[in-house]
Amino acid sequence: MAQANLSAPFWRMEGISKQYGGVRALENVGLTVERSRIHAVLGENGAGKSTLIKIMSGVVQPDSGIMELENRPVRFASPADAMRSGVVSIFQELSLVPDLTVAENICAPEPPRRFGLIDRRAQRRRAESLLARVHCEDVHPDEVVRNLPLSRRQMIEIARALGRATKLLILDEATSALTAADVERIYAILDRLRTEGLAIVYISHRMREISAFADDCSIFRNGRHVESFSKGGKSGDEIVKLIIGRDYKDVYPDKSAHAPAEAPILEVVNLNWGARLAGIDLTVRKGEIVGLGGLDGQGQRELLLALFGVLRGVEARIKVHGRPKQINSPRDAKRRSVGMALIPEDRKSEGLVLPLSVRYNISLAAINRFARGGFIRTRAETEAVKGALRTLSIHARGADVPVGTLSGGNQQKVVIAKWLLTD
């Protein structure tokens, strides 16, 4: 039997390129991942991170380049093919089936069987064991996934991944919807998996996470691999500069440069909604970014929905530019006299219509702007959409491709672009 080359990297990619129409998502990139190490992949939206991990996990095929796993050439025809080789991905867009139970999702697509039928008891035991492994014992295996908050669904994705014979685990923004306590659990889980010999690729925008547990880092920008280095090889400021290609102080000016406090644009006094929101006051001035802190599920989402007129039975005194306003529906919130937009928590189900085109999604909220006599002025709509694509640097294979084919970061830009077109 041939001896394995112990000096070879556990996972290697070289010369990988991928183009979608006229858009080059990756250009001659490489990535080396070692066993028992966490390798962070960093980059802005549109840097090529999503395309990279889709190639690694068999979702899309590269146009050129080679991939090797344990010194063997590999090329995955599908995610199932990748999983059979031990390469398992957890994508930012969760893949759970909402109407199935936790146990059914965790054990799919190969549930335990007895006499040719699904063994429900064994399936429940397996789910309980995996949930315990991610310290998520508060979730019942028979609970329907649709009834769980986003943070718990993400933990279920991780539990399901651990139930497979995983050699290389890829996590795309795995902590984006988690509470602070859950993030600490993820730290502990990844640390244990690292000691068990797994190779882990981790994508995150949170610098604290990267500095906390990444052993190696690779920076991507505009579809190219910029640099790789080991932990401690770069300072935080140096990493940010590599990611954006310039000094971040040129992008985010000193707050002291803003004008003195002006009259509020939005004033909210004593907002109440059932038992979820009570006595909330909020003031927002021109040039301000007001952050809402707190653990997941503490009312932040409901507050934004209340302000945007989505919820019924909201009581509050609201002023916009000093004038009292009644916002009873999203239509009221969108009016020119209010000018409010909502970027929802879950863009996949609340912010976009995934099967429809980028053009449709961008122009959707402002469609009245392009309507005349019951018809859409296609030329005006096209020019406005092109302008939005340029302004936000949205990487898409044209305006008529389904928005669901874009990377997560570019989908988020489309949600923002939709509102920038409104009056």
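The values are calculated or read from the model by the stated rules, or taken from the named source; none is laboratory data. Please read these numbers as outputs of a predicted model, since none were measured by experiment. Every residue, glycine as well, gets a Cβ built from its backbone with ideal geometry; the counts of neighbours run over all protein chains shown. Keep in mind that these areas ignore ligands, DNA and RNA; they rest on the heavy atoms of the full protein, side chains included. Shrake-Rupley method; radii C 1.70, N 1.55, O 1.52, S 1.80 Å.
Among residues belonging to the stretch 195-212 that are open to solvent by 60 Å² or more (accessible area, probe 1.4 Å) and assigned to a helix (DSSP H, G or I), point out the one that is nearest to Arg35 (Cα to Cα). Quick ask: steps written out before the conclusion?
Restricting attention to the stretch 195-212, the residues satisfying the condition of being open to solvent by 60 Å² or more (accessible area, probe 1.4 Å) are 195-196, 205-208, 211.
This time we only want the ones that are assigned to a helix (DSSP H, G or I), so: 195, 207-208, 211.
Values: Thr195: 9, Met207: 23, Arg208: 23, Ser211: 19 Å.
Within the stretch 195-212, the match that is nearest to Arg35 (Cα to Cα) is Thr195.
For Arg224, the conditions (1) open to solvent by less than 90 Å² (accessible area, probe 1.4 Å); (2) out of contact with any Gly (no Cβ under 7 Å at 6 or more places or on another chain); (3) at pLDDT 90 or above are fulfilled apart from (1). When the stretch 159-208 is filtered for residues that are touching a His at 6+ places or on another chain (Cβ under 8 Å) and modelled with pLDDT of 85 or more, the ones remaining, listed by number, are Ala199, Ile200, Val201, Tyr202. Out of Gly293, Gly339, report the one residue that is over 30 Å from Ala181 (Cβ atoms) and either under 29 Å from the mean Cα position of the chain (by Cα) or buried (at least 18 other Cβ atoms within 10 Å of the Cβ) (or both). One residue alone meets the criteria, Gly339.
Annotation: Pro344 fulfils all but one of (1) loosely packed, with under 14 Cβ neighbours inside 10 Å; (2) under 30 Å from Pro324 (Cα atoms); the unmet one is (1). Can you find even one residue in the stretch 7-22 that is under 30 Å from Arg125 (Cα atoms), part of a strand (DSSP E or B) and among the hydroxyl-bearing types (Ser, Thr, Tyr)? Checked the stretch 7-22: no residue is under 30 Å from Arg125 (Cα atoms), part of a strand (DSSP E or B) and among the hydroxyl-bearing types (Ser, Thr, Tyr).
Please work out which residue is farthest from Gly339 (Cα to Cα), limiting yourself to the stretch 385-404 and to residues that are part of a helix (DSSP H, G or I) and in contact (Cβ under 8 Å) with a residue 24 or more places away in the chain. Before you say what the answer is, go through the steps one by one.
Kept after step one, since they are part of a helix (DSSP H, G or I), are these residues of the stretch 385-404: 385-391, 403-404.
Still in the running and in contact (Cβ under 8 Å) with a residue 24 or more places away in the chain: 385, 388-389, 391, 403-404.
Details: Val385: 20, Ala388: 18, Leu389: 22, Thr391: 20, Val403: 25, Gly404: 27 Å.
Step by step, filter the stretch 385-404, then rank; the result is Gly404.
Step by step: first the residues of the stretch 336-384, then only those that are assigned to a loop (DSSP other than H, G, I, E, B) and among the acidic types (Asp, Glu), then the one that is nearest to Val401 (Cα to Cα). Which residue is that? Among those that are assigned to a loop (DSSP other than H, G, I, E, B) and among the acidic types (Asp, Glu), it is Asp346.
Taken over the stretch 35-81, residues that are part of a strand (DSSP E or B) and either among the small types (Gly, Ala, Ser) or open to solvent by 50 Å² or more (accessible area, probe 1.4 Å) (or both) amount to 6. Return yes or no: is Thr378 free of Cβ contacts under 8 Å to residues at least 12 places away in the same chain and of a type in the set (Ser, Thr, Tyr)? Answer is yes for this residue. Residues that are closer than 25 Å to Gly86 by Cβ and open to solvent by less than 10 Å² (accessible area, probe 1.4 Å) within the stretch 158-190 comprise Ile158, Ala159, Ala161, Leu168, Leu169, Ile170, Leu171, Ala174, Thr175, Ile186, Ile189, Leu190, listed in sequence order. Scanning the stretch 82-122 for residues that are of a type in the set (Ser, Thr, Tyr), within 30 Å of Gln412 (Cβ to Cβ) and assigned to a loop (DSSP other than H, G, I, E, B) gives a single hit, Ser95.
Let's see how each residue does on (1) farther than 20 Å from Ala181 by Cβ; (2) modelled with pLDDT of 90 or more:
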residue: Pro109; (1), (2): yes, no
residue: Pro112; (1), (2): yes, no
residue: Arg121; (1), (2): yes, yes
residue: Ala127; (1), (2): yes, yes
residue: Arg133; (1), (2): no, no
residue: Glu137; (1), (2): no, no
residue: His140; (1), (2): no, yes
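Among the acidic types (Asp, Glu) and under 20 Å from Thr405 (Cβ atoms): is that true of Glu14 in this structure? Before the answer, list the steps.
Numbers: among the acidic types (Asp, Glu): yes; under 20 Å from Thr405 (Cβ atoms): no.
When the stated conditions are applied, Glu14 does not pass them.
Specify the residue that is nearest to Leu303 (Cα to Cα); the eligible residues are those in the stretch 247-290 that are of a type in the set (Val, Ile, Thr), open to solvent by less than 70 Å² (accessible area, probe 1.4 Å) and at pLDDT 65 or above. Top of the filtered list is Ile280.
Within the stretch 157-175, residues that are closer than 17 Å to Ser36 by Cβ reach partners that are open to solvent by less than 10 Å² (accessible area, probe 1.4 Å) and modelled with pLDDT under 90 with beta carbons closer than 6 Å, at six or more positions or on different chains, in the pairs Leu171/Ile90. Looking at the structure I just gave you, is Arg377 among the basic types (Lys, Arg), more than 30 Å from Thr175 (Cα to Cα) and surrounded by fewer than 18 Cβ atoms within 10 Å (Cβ to Cβ)? Answer is yes for this residue.
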